[in-house]
Each structure stands twice: as structure tokens, then as C-alpha cells.
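These notes are about the structure you will find just below.
The values are calculated or read from the model by the stated rules, or taken from the named source; none is laboratory data. All values reported here derive from a predicted model rather than from experimental measurement. Methodologically, a virtual Cβ is constructed for each residue, glycine included, from the backbone with ideal geometry; neighbour enumeration extends over all protein chains shown.
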Amino acid sequence: MSITNDTGQGPLSHPDAVPFPAPPASGRRRQRRSPHRAAWEGTPSPLGQAGKGLALLLIVLVVLFPLYTVVLTSFSTQADINRSGGMVVVPGDFTTAAYQQILSGGIVTRAAMVSIVVTTIGTVLSTVVSVLAAYGLSRPSSLGHRTILFVFLITMFFGAGMIPTYLLVSNLGLIDSLWALILPGAVSAFNVLILRNFFMNIDASITDAARIDGAGDWRIMGQIVAPMSKAAIAVVALFYGVGYFNAFFNAMLYINDNAKWPLQLVLRSYVLQGVTLPGSGTGQVDVATGAVTGLPVKMAIMVLAVVPILLVYPFVQRHFTKGVIFGAIKG
């Protein structure tokens, strides 16, 4: 009940009442961080923003500086390399002689084509198989899905070993075959689990409505589940693509013909071991002619091994965070 004055125009103020503080003259209220929020969830101060920007800039420089020296050395002449005593930091004369040597139709060119073919076929095959396996394991009504899932989990912690795997590949007749670079690692249990968890996060009412309309599992997966899971599928395809392109150990075990070596094995043999491969065009060249010697060619091979991933990654990067987070957390 309110007490009004004699005129009935408003409440009568009590003599002991505490008046409300007047708002600031500027009309702006100072925002304070809630004591229940973490320190990093609040708005940083200008000094904090400047510190974060400086830290990120230093990290970027530390990451890009080695790549900068590798690219610059691959385009440098032997005279610039001799002046710098090794890797070139200050630009000098520009030349593409190293790339002309390794792309002149030798083993490096063949290795690049082998890597592209293996990466393309392997990525498509592994992604399709992983999507099919993950969809089947994500359906609670599928036959034996718990047992199959348990088998997948076992392979993440226990492996057959190098010798049994080699004997299996040899008995299948895959020695010196490009399929030996694809089939032994065609399916990753980790990637299957990421896709499975992502599929299980899709609202069941959507697939139930499609099933009521007469759609089967193949149509549900191809027209509903797969389009809604583009982020996770793109991330898994990126994982497979990078893995196939960077793999060299399987080639060391199963490929004896150096004409079928992938680019990474050529890179390892020439750059790390210093082996000059027949037909590679990477031997020492007369300095008096202005041509390059071994170091620029090594750096050029490294650039060729990195460029394809750098070209593909920007198109998948926007899906990376969403695909991994939603695929790793259920609920």
C-alpha cells in the first residue's frame, strides 16, 4: 500500500528512505566483469588487445620466416647462396633454374604425378568408406553396430605390426603397386568416430520424417545426412588428403621401383639423405654457367611438396573448427 500526500498527486517519501543514486551525467554505465565469469571472457583493455596482437604477430613471424628462407633460396643463384653462407635471407638475383631442373621430366615430375594420383584416389575412397561406416555405426537399429564399433576402437590402440602388415600386402600381390600406398591406411578409426558422432548429433526427427515419407537409408544418407554434414566431411577429407600426400613410409616398404615413388620419398631421399636419383636432374651444375647446385634444388623440391596443401587448405579451413568440435562432442 502506498501513502499519498494530501493532494493525492504521488507517494509520500519516508524520512528514513534511501534515495536511488542518480545515473551518470554522460548516460554511459561502466561495464564490470561478473565475478562468475572467467578473466578471458571479459572485454580486454586496449593494452591487453595490443599485447595479444603483438604476440600473434611474433608467432606468425616465427612460423613464416623458415618458409620465407626456403622459398627465397629456391629462387636464388649460387652466387647469392655463397655470399649468405647457406640459406638466403636477403633477396638477390632471381632465377627459376632450380624449378626448371626438377620439372624437366625427371623422377621429381613423375613423383609429383604419383603423389597427386594417390592423394586424389585415396582421399575419395577413404572419405566415402568412412562416411558409409560412420552412418551405419550411428544408427542404433543397425545390425551388430556395437560390436563393430568396439572393433574399430581396438584398432586405435592395438596394431598388427609392420611384419604382419607387410606379409598381408605381399600375399595380396600389392608390392610395387600404387594400391599399396592406399589400401593399408584407407580407413582411420579416428575419422570414422568423428563422423559417427556428428551424424548422431543430427536431429532424429528429420530422419524419422524422411523415413515416414518412404525414404530408405541410402536416400537419407545421400540427400539429408551428407549435405547437413559438409563441415565434418570436409575436415575428414582434409585429414585423409594431408595424410596421403605426406606419407612416405609405405612407399619405403612396398615400392621398389623408384619410378613409382611419391614426392615425399624423393624429398626424403634427396634432401635428408643427399642421394642423387637417376634421371632427377638434381646433380651438381657448373657454377660458371650461372646454374644452381644442390641447395636451391632441395629447397625447390620442398616448396613443391608444400604448395598443394597450402592451395587446398584455405577452402577447407572455414569448416575445420565446426567439423572437429561438433564431431568430437555429443549432446
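What to note about this one:
- The residue of the range 203-225 that is nearest to L265 (Cα to Cα), among those that are among the hydrophobic types (A, V, I, L, M, F, W, C) and surrounded by fewer than 16 Cβ atoms within 10 Å (Cβ to Cβ), is W218.
- Some residue of the range 219-234 being within 14 Å of L132 (Cα to Cα), among the polar types (S, T, N, Q) and assigned by TED's automatic domain parsing to the domain that holds S130: yes
- Subset tally (residues that are surrounded by fewer than 19 Cβ atoms within 10 Å (Cβ to Cβ), at pLDDT below 80 and under 17 Å from L103 (Cβ atoms)) for the range 238-275: 1
- Any pair with Cβ under 7 angstrom, 6 or more apart, that starts in the range 51-72 at a residue that is in the same structural domain as V306 (by TED's automatic domain parsing) and ends at one that is of a type in the set (S, T, N, Q) and assigned to a helix (DSSP H, G or I): none
- Scanning the range 188-229 for residues that are assigned to a loop (DSSP other than H, G, I, E, B) and on the phi < 0 side of the Ramachandran plot turns up S188, N201, I202, D203, D213, A215, G216, S229.
- Identity of the residue in the range 78-91, within 34 Å of the chain's Cα centre (by Cα) and in a loop (DSSP other than H, G, I, E, B), that ends up nearest to M302 (Cα to Cα): M87
- The range 149-187: number of residues that are touching a helix residue (DSSP H, G or I) at 6+ places or on another chain (Cβ under 9 Å) and part of a loop (DSSP other than H, G, I, E, B): 10
- Residues considered: V128, V124, V118. Of these, the only one that is under 16 Å from I194 (Cα atoms) and either of a type outside the set (V, I, T) or under 27 Å from the mean Cα position of the chain (by Cα) (or both) is V128.
- Residues within the range 239-252 that are closer than 13 Å to G122 by Cβ, not polar (S, T, N, Q) and not in a loop (DSSP other than H, G, I, E, B), tallied: 8
- Qualifying residue in the range 239-258 (condition: charged (D, E, K, R) and within 25 Å of the chain's Cα centre (by Cα)): no
- Restricting the range 150-183 to residues that are among the hydroxyl-bearing types (S, T, Y) and farther than 18 Å from W261 by Cα, the residue that is modelled with the highest pLDDT is T165.
- Once the range 110-142 is narrowed to residues that are over 18 Å from A226 (Cα atoms), among the small types (G, A, S) and touching a residue at least 24 places away in the same chain (Cβ under 8 Å), the residue that is surrounded by the fewest Cβ atoms within 10 Å (Cβ to Cβ) is A112.
- Selection from the range 82-109 of residues that are touching a residue at least 12 places away in the same chain (Cβ under 8 Å) and either hydrophobic (A, V, I, L, M, F, W, C) or touching a Cys at 6+ places or on another chain (Cβ under 6 Å) (or both): M87, V88, V89, F94, A97, A98, I102, I107, V108
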